[in-house]
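The values are calculated or read from the model by the stated rules, or taken from the named source; none is laboratory data. Remember, predicted model here, so these are calculated numbers, not experimental data. Positions of Cβ are generated from backbone atoms using ideal geometry, with glycine treated the same way; all protein chains shown enter the neighbour counts.
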Amino acid sequence: MADSANADLRRSRLRTRGGDFGLKVVLRLCVLVVLLVAWQLLGDDTAKFRLPTVTRTLSSLWTLTVDGSLPIALLVSNLAMIIGYAAAVIVGVSLGVAMGTLRTFGHVSRPYLLIIMVIPLIAILPVIQAVLGLGLVTRAVVVFLFAVVYIALNTETGLLGVPRPLVEMARSYGSSPWRTFREVMIPSARPDIIAGLRLGLGRAVVGMVIAELFLVSPGIGSLLSLYRGRFDTGAVLAIVLVLILEGVLIMQLTSRFEPKRKSRS
């Protein structure tokens with residue numbers, strides 16, 4: 001009897017979740033349709049300096065994709081983002097672990113990370129370019145600077161938030177410091193660490209776009225500059241929409257790997 005009731009309850013919850021998901025999809029599609037219709041009505045293809053229509057933008061997107069210029073530019077730009085973000089993950093997690101386990105090191109390092117966080121990185125792009133020159137490394141460094149601080153601070157926050165009773169209990173049972181760190185502290189801090197990785201990835205996308213726009217680049221930046229110089233607003237808007245779509249898809253995909261937070265009381 002109890003098993004049957006539990007099974008019915010699970011089926012009811014699944015139906016409710018499925019219905020909620022379907023409703024959300026329908027509502028989002030309705031909003032998208034309304035926005036596209038409004039965009040099409042407000043657009044004007046007769047002048048260069050007016051908002052292009054949806055049809056013109058999609059036509060430009062198709063042309064850029066078919067001739068290969070957009071895929072190649074995306075590949076070049078994303079390569080810099082991947083390298084910069086990978087370096088930010090390695091350095092950020094390592095730095096966060098050191099700050100979360102070595103309190104003195106954390107107190108010394110945190111102010112410098114906060115300086116990187118609050119400084120307008122766009123303002124120092126010319127300095128970075130003057131030091132590192134033009135090329136892939138420069139763009140990867142910009143992406144790295146945008147992402148590393150958030151990864152490091154979230155990792156530190158997660159480790160500092162590990163309940164002390166858990167650590168003390170592990171030690172009382174003879175657990176070594178390394179084993180306590182690996183089996184108690186890391187699992188407890190994992191939600192904050194993964195949240196930091198996700199936040200850092202979002203910042204990496206922003207860093208990639210800024211590096212492409214303000215530094216000499218053979219990627220998306222050069223493509224935008226080319227069509228902006230031609231006053232081709234349809235092509236410019238098509239490229240911007242692709243960047244927006246890429247960022248949204250990345251954040252949506254990474255959100256599936258973020259564990260649910262549990263109370264640490």
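Among the residues of region 202-240, write down those that are of a type outside the set (A, V, I, L, M, F, W, C), closer than 23 Å to residue 127 by Cβ and part of a helix (DSSP H, G or I). Matches in region 202-240: 203, 207, 212, 221, 222, 225. All of (1) surrounded by fewer than 16 Cβ atoms within 10 Å (Cβ to Cβ); (2) more than 19 Å from the chain's Cα centre (by Cα); (3) modelled with pLDDT of 90 or more; (4) within 30 Å of residue 178 (Cβ to Cβ) hold for residue 90 with one exception: (2). Filtering region 113-167 to residues that are crowded, with 23+ Cβ neighbours inside 10 Å, of a type outside the set (A, V, I, L, M, F, W, C) and under 21 Å from residue 192 (Cβ atoms) leaves 150, 154, 155, 156, 158. Pairs only if they're at least six apart or on different chains, beta carbon under 8 angstrom, first in region 58-70 and over 17 Å from residue 220 (Cβ atoms), second crowded, with 18+ Cβ neighbours inside 10 Å; list them, first residue then second. The qualifying pairs are 58/238; 59/234.
Against the numbered list (1) under 28 Å from residue 235 (Cα atoms); (2) among the β-branched types (Val, Ile, Thr); (3) over 18 Å from the mean Cα position of the chain (by Cα), residue 82 comes up short only at (3).
Kindly evaluate residue 94 against the criterion of being of a type in the set (Ser, Thr, Tyr) and either closer than 17 Å to residue 205 by Cβ or touching a residue at least 60 places away in the same chain (Cβ under 8 Å) (or both). Spelling it out, it is not the case that residue 94 is of a type in the set (Ser, Thr, Tyr) and either closer than 17 Å to residue 205 by Cβ or touching a residue at least 60 places away in the same chain (Cβ under 8 Å) (or both).
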